[in-house]
1. If we scan the stretch 155-166, do we find a residue that is more than 25 Å from E58 (Cβ to Cβ) and either buried (at least 16 other Cβ atoms within 10 Å of the Cβ) or more than 13 Å from the ligand (Cβ to nearest atom) (or both)?
2. Please note which helices (runs of 4 or more DSSP H) are completely contained in the stretch 113-198 and include at least 2 residues that are among the aliphatic types (A, V, I, L, M) and over 19 Å from R86 (Cα atoms).
3. If you check L267, L261, which single one turns out to be buried (at least 19 other Cβ atoms within 10 Å of the Cβ), over 25 Å from C92 (Cα atoms) and among the aliphatic types (A, V, I, L, M)?
4. Tell me whether the stretch 224-246 contains one or more residues that are in a helix (DSSP H, G or I), over 30 Å from R152 (Cβ atoms) and either away from the ligand (no atom under 16 Å from the Cβ) or at pLDDT 95 or above (or both).
5. Whether any residue in the stretch 306-328 is at pLDDT below 95, within 16 Å of the chain's Cα centre (by Cα) and part of a helix (DSSP H, G or I) is what I want to check.
6. Looking at G334, G289, which is the one that is closer than 23 Å to G247 by Cα, away from the ligand (no atom under 16 Å from the Cβ), modelled with pLDDT of 95 or more and outside any helix (DSSP H, G or I)?
7. Restricting attention to the stretch 180-198, report how many residues are under 11 Å from R157 (Cα atoms) and touching a strand residue (DSSP E or B) at 6+ places or on another chain (Cβ under 8 Å).
Amino acid sequence: MIIPLIDKLRQEHRLSTEEYKALLLCQDADTLKYLQEQAREVSLEQFGNRVFIRGLIEITNHCHNNCYYCGIRKGNQSVLRYELTREDILECCREGYTLGFRTFVLQGGETSSVKDDFILETVTAIHREFPDCAITLSLGEKSRKTYEHFFRAGANRYLLRHETHNEEHYHHLHPDKMSIRQRLQCLAWLKEIGYQTGTGIMVGSPGQNTDHLVEDLLFIEQFHPEMIGIGPFIPHHDTPFAACPPGSMEMTLKLLSIFRLMHPKVLLPSTTALATLAPDGRERGILAGANVVMPNLSPPEQRNKYSLYDNKASLGAEAAEGLQQLEEKLTAIGYRISKERGDY
Ligand code: 5AD
């Protein structure tokens with residue numbers, strides 16, 4: 001019986017390895033509905049029917065990594081590479097601020113063509129112009145010193161998905177020079193420095209099995225991140241994983257609900273990848289326990305170049321300028337946009 005496990009997870013916020021596995025393997029529709037209801041209740045208790053919004057600014061698609069799943073991998077010669085100037089980024093923030101955003105997320109590939117000093121000065125400038133806003137960085141692996149400098153300049157949060165906690169699976173997804181050890185070291189530094197730290201995985205990435213997911217749950221349980229970013233793997237046509245099937249909606253929703261029950265206060269986005277997988281994906285994520293959405297605030301003429309996967313949504317309710325449409329979609333399921341900063 002799985003229902004008692006769901007009740008236990010809600011009360012005690014953790015399960016044993018075997019119990020997590022049983023929950024992940026459960027396919028019974030009524031049980032999964034119960035899981036979602038429990039997660040939604042917890043989310044409503046913690047946040048009411050409010051969904052936080054974050055303005056996502058994709059500052060560059062240059063990347064020196066060659067992750068097998070990602071469309072902006074170094075080896076993809078077909079990408080038109082770009083980097084935003086400081087003024088471009090500040091313009092995005094100004095537009096976002098007017099629309100009501102109070103968190104800006106600067107995301108980009110890992111590249112030395114955008115210098116750490118440039119990031120530092122940009123964070124300083126955003127912090128000076130918008131002292132009431134949170135600044136989130138999502139720029140991959142850096143040295144501890146660099147993370148410290150960014151933090152002192154005014155960055156508050158950092159997103160760095162671990163992608164998979166299993167070493168063998170990590171090597172199935174990434175070339176040899178990347179390692180899960182380094183990724184986990186970076187996450188530990190970020191937390192120590194004082195960032196609200198986010199990690200997470202792709203659901204249904206090639207080679208992923210239930211045991212890997214259990215490992216991810218156990219890692220996330222003990223790491224206790226302030227944010228958890230998960231979305232389905234979606235193939236990109238110019239990558240080695242072009243022919244692999246996408247991750248499933250059901251497993252993504254199930255994991256969102258499990259994370260909500262594990263960590264009631266965690267900031268949990270209903271991601272763009274979920275909204276790309278199905279037209280109602282974003283709303284289904286919210287109803288499964290997510291409480292954050294991250295509309296795209298990048299300059300519209302660059303958006304299609306930040307193609308992590310095929311058909312990545314960046315229009316309508318996924319666009320910052322489509323906030324009205326997002327509000328309507330949320331209203332239809334009984335939720336509203338919160339224009340607060342939404343710290344952990
Ligand atoms: N499908 C889904 N998510 C992807 N990401 C990168 N490539 C893909 C893909 N093909 C995710 C990774 C990364 C985040 C920025 O985007 O998990 O951490």
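1. From the stretch 155-166, those more than 25 Å from E58 (Cβ to Cβ) are 165-166; that's our starting set.
Narrowing the set further to residues that are either buried (at least 16 other Cβ atoms within 10 Å of the Cβ) or more than 13 Å from the ligand (Cβ to nearest atom) (or both) leaves 165-166.
Yes, that holds for at least one residue.
2. Numbers: elements: 116-129, 144-153, 167-173, 180-193.
Answer list for the stretch 113-198: 180-193.
3. On the way: L267 fails: over 25 Å from C92 (Cα atoms).
Testing whether each residue is buried (at least 19 other Cβ atoms within 10 Å of the Cβ), over 25 Å from C92 (Cα atoms) and among the aliphatic types (A, V, I, L, M) leaves just L261.
4. First, the residues of the stretch 224-246 that are in a helix (DSSP H, G or I): none.
Within the stretch 224-246, none of the residues are in a helix (DSSP H, G or I), over 30 Å from R152 (Cβ atoms) and either away from the ligand (no atom under 16 Å from the Cβ) or at pLDDT 95 or above (or both).
5. Yes: the stretch 306-328 contains one or more residues that are at pLDDT below 95, within 16 Å of the chain's Cα centre (by Cα) and part of a helix (DSSP H, G or I).
6. Working: G334 fails: closer than 23 Å to G247 by Cα.
Selected residue: G289, the only one of G334, G289 that is closer than 23 Å to G247 by Cα, away from the ligand (no atom under 16 Å from the Cβ), modelled with pLDDT of 95 or more and outside any helix (DSSP H, G or I).
7. Residues of the stretch 180-198 that are under 11 Å from R157 (Cα atoms), as a first pass: 190-191, 193-198.
When the remaining residues are screened for being touching a strand residue (DSSP E or B) at 6+ places or on another chain (Cβ under 8 Å), the result is 190-191, 195-198.
Result for the stretch 180-198: 6.
Condition check ((1) in contact with a helix residue (DSSP H, G or I) (Cβ under 7 Å, 6 or more places away or on another chain); (2) more than 23 Å from I220 (Cα to Cα); (3) within 13 Å of the ligand (Cβ to nearest atom)) across all residues:
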residue	(1), (2), (3)
T252	yes, no, yes
K265	yes, no, no
A273	no, no, yes
P295	yes, yes, no
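The values are calculated or read from the model by the stated rules, or taken from the named source; none is laboratory data. Only a predicted model underlies this, so the values are computations on that prediction, with no experimental measurement involved. Reconstructed Cβ throughout: ideal geometry from the backbone, glycine too, with neighbour counts over all protein chains shown.
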